[in-house]
Amino acid sequence: MFVTSNPGSLSMRMIATLISRLVTGDAARPPEAEAEDGVIVPLHHLHRRNRSRVPAPLQVPKQTKTAAKPALSIPCPDPTGEERSRDTHQTRGQRMARQEDWAKLSATLADADMTCAMTEGGMPVAELLAFGARADVVQAAEHALLGGWPEPDAPLLDGIAQLEEVLAAHDGDAMIAAVVALAHVDIGLAWRGNTRLAEVPRRNRDACDAHFDRARDILAAVCQAHTASPLLASALCAAGATDAQDPATTIHAYERLLSLDPSNARAFRAMGLRLLPRRGGSLDALELHARRMAARTHATWGAGGYTWAMLDAIACDDGACAQLDVEFFIDGLHDIIARRPDQHVINTLAAYCANTMGTQIDGSDEAALVRAQIADCADWIVREHMTELHPMIWAHAARGFDQGLRIRCLDRFAAAGLADAHRILGDVFRREIAAGHRIVFTEAGAETLSA
């Protein structure tokens, strides 16, 4: 029997009935269902599964008498410091959930949430702990969905039903509520698949909507009593991701989150995407609120709030790109690096400028001019701030940092990012290399040495 902490809301029994009908129905398979030579991994899980034995041709090899020194050498740690940190926090959350130590999990989440603890690369620790706590349940549901249309006896609801029982046993616990609500969001996104909403089969949308409705019901029961929680505010933004809500509601949700946790760059980026016309917003609203949030968070980011809000929006919308205040955006790049000089951030911005923006050739002349100016920023970011290479970031940058990206082979994905980075770094230093010099990256940055 499924238990719900809010009998008046959409219950787990209703979700079970709906999904039972969907699984036994004659529906189209969900998008991205087939797996070729490997597991398909959603982007938001990659920081747990990136042990991909990344090749490192940019590392200085052991020299022999006849071996020539490489023209460009840069450290390529695997895993990176940011990956180790994220994995540590997620493993803690997963361990506590597996041990059913929910009281300790709640206290640990509350402490990280209250202090807005973050990794060096800017990922909220509370979100990492919460993901670890629900990872087993979410991944089991994703496995059932990603292998094709689920079998009639697929355990799609077993894990989430157990989490609902935990929620009922900890009625009023905001941190447990956040974990369960976010589990519903993740499972709903797995049903939706990685395609345009108009192309998602109706039955997939029904299952997705059922999970999102349940997530919002869970959060509604605790949010009014816990208005100072960034994790709950983030969960509310996530639970509205497929809701046809008006832009004012979206803006209010993200403004509330960023007022609680202005250091959360992911929130800026998500807000910018939600304000695009394709999501019910407008270009005027995007520009206005990107500037407003930059002003509100100036003490934290300087002009960087504008840059974070525009980062993904201008990468996928020519109209937003064409109207960008380029000077303000580039000032924001400088301010972000000055305030968060971690190599995860440096690689993200360098790869974004060079790969996400620098390789796009379609679009209007106005957008192309803006992209060219942003692509030029890769030169000074690499020369002045880069000390190591993170191939997974470069691979994601080549695909526009798509949060719904499915990856069939991590080894090939990382190798593609490494190859892109090698090509781009070689182009940045092409004059020095052509003159016969070697480029060696150290902790102090790029150094030009005689061959």
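The values are calculated or read from the model by the stated rules, or taken from the named source; none is laboratory data. Every value quoted in this text rests on a predicted model; they were computed, and no experiment measured them. Methodologically, a virtual Cβ is constructed for each residue, glycine included, from the backbone with ideal geometry; neighbour enumeration extends over all protein chains shown. Heads up: the accessible areas ignore ligands, DNA and RNA and are worked out on the full protein's heavy atoms, side chains in. Shrake-Rupley method; radii C 1.70, N 1.55, O 1.52, S 1.80 Å.
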Inset, instruction - Scan A126, A135 and give me the residue that is touching a residue at least 60 places away in the same chain (Cβ under 8 Å), out of contact with any strand residue (DSSP E or B) (no Cβ under 8 Å at 6 or more places or on another chain), within 30 Å of S259 (Cβ to Cβ) and buried (at least 24 other Cβ atoms within 10 Å of the Cβ). - result: A126
Inset, instruction - Take region 92-120 and flag every residue that is open to solvent by less than 40 Å² (accessible area, probe 1.4 Å), within 26 Å of T80 (Cβ to Cβ) and of a type in the set (A, V, I, L, M). - result: M96, A97, L109, A112, A117
Inset, instruction - Select from region 348-399 the residues that are acidic (D, E) and not in a helix (DSSP H, G or I) and write down the one among them that is farthest from A315 (Cα to Cα). - result: E388
Inset, instruction - Output the residues belonging to region 364-387 that are surrounded by fewer than 20 Cβ atoms within 10 Å (Cβ to Cβ) and either among the basic types (K, R) or touching a Cys at 6+ places or on another chain (Cβ under 7 Å) (or both). - result: A375, R383
Inset, instruction - State which residue is surrounded by the fewest Cβ atoms within 10 Å (Cβ to Cβ) when the search covers only region 66-91 and only residues that are assigned to a loop (DSSP other than H, G, I, E, B) and in contact with a strand residue (DSSP E or B) (Cβ under 7 Å, 6 or more places away or on another chain). - result: K69
Inset, instruction - Please determine, by comparing only the residues of region 143-160 that are farther than 11 Å from A183 by Cα and assigned to a helix (DSSP H, G or I), which one is modelled with the lowest pLDDT. - result: L146
Legend entry - The listed residue being of a type outside the set (S, T, Y), surrounded by fewer than 18 Cβ atoms within 10 Å (Cβ to Cβ) and within 22 Å of the chain's Cα centre (by Cα), out of G445, G417, G400, G426: G400
Legend entry - Subset tally (residues that are touching a His at 6+ places or on another chain (Cβ under 7 Å) and either β-branched (V, I, T) or open to solvent by less than 40 Å² (accessible area, probe 1.4 Å) (or both)) for region 330-342: 1
Inset, instruction - Please specify each residue of region 377-433 satisfying the condition of being closer than 16 Å to Q360 by Cα, of a type in the set (F, W, Y) and modelled with pLDDT under 95. - result: F401
Inset, instruction - From L369, L288, L311, L333, grab the single residue that is under 28 Å from M392 (Cα atoms) and without any contact (Cβ under 8 Å) to a residue 40 or more places away in the chain. - result: L369
Inset, instruction - Considering (1) assigned to a helix (DSSP H, G or I); (2) at pLDDT 95 or above, say which one P262 fails and leave the rest. - result: (1)
Inset, instruction - Identify all residues within region 280-292 that are modelled with pLDDT under 95 and crowded, with 19+ Cβ neighbours inside 10 Å; write none if there are none. - result: G281
Inset, instruction - Quick one: which residue in A248, A241, A299 is closer than 30 Å to I160 by Cβ and either in a loop (DSSP other than H, G, I, E, B) or out of contact with any strand residue (DSSP E or B) (no Cβ under 6 Å at 6 or more places or on another chain) (or both)? - result: A241
Legend entry - Which numbered condition T359 misses (of (1) among the polar types (S, T, N, Q); (2) under 21 Å from A265 (Cβ atoms); (3) surrounded by fewer than 24 Cβ atoms within 10 Å (Cβ to Cβ)): (2)
Legend entry - Residues located in region 425-441, provided they are of a type in the set (A, V, I, L, M) and assigned to a helix (DSSP H, G or I): L425, V428, I433, A434
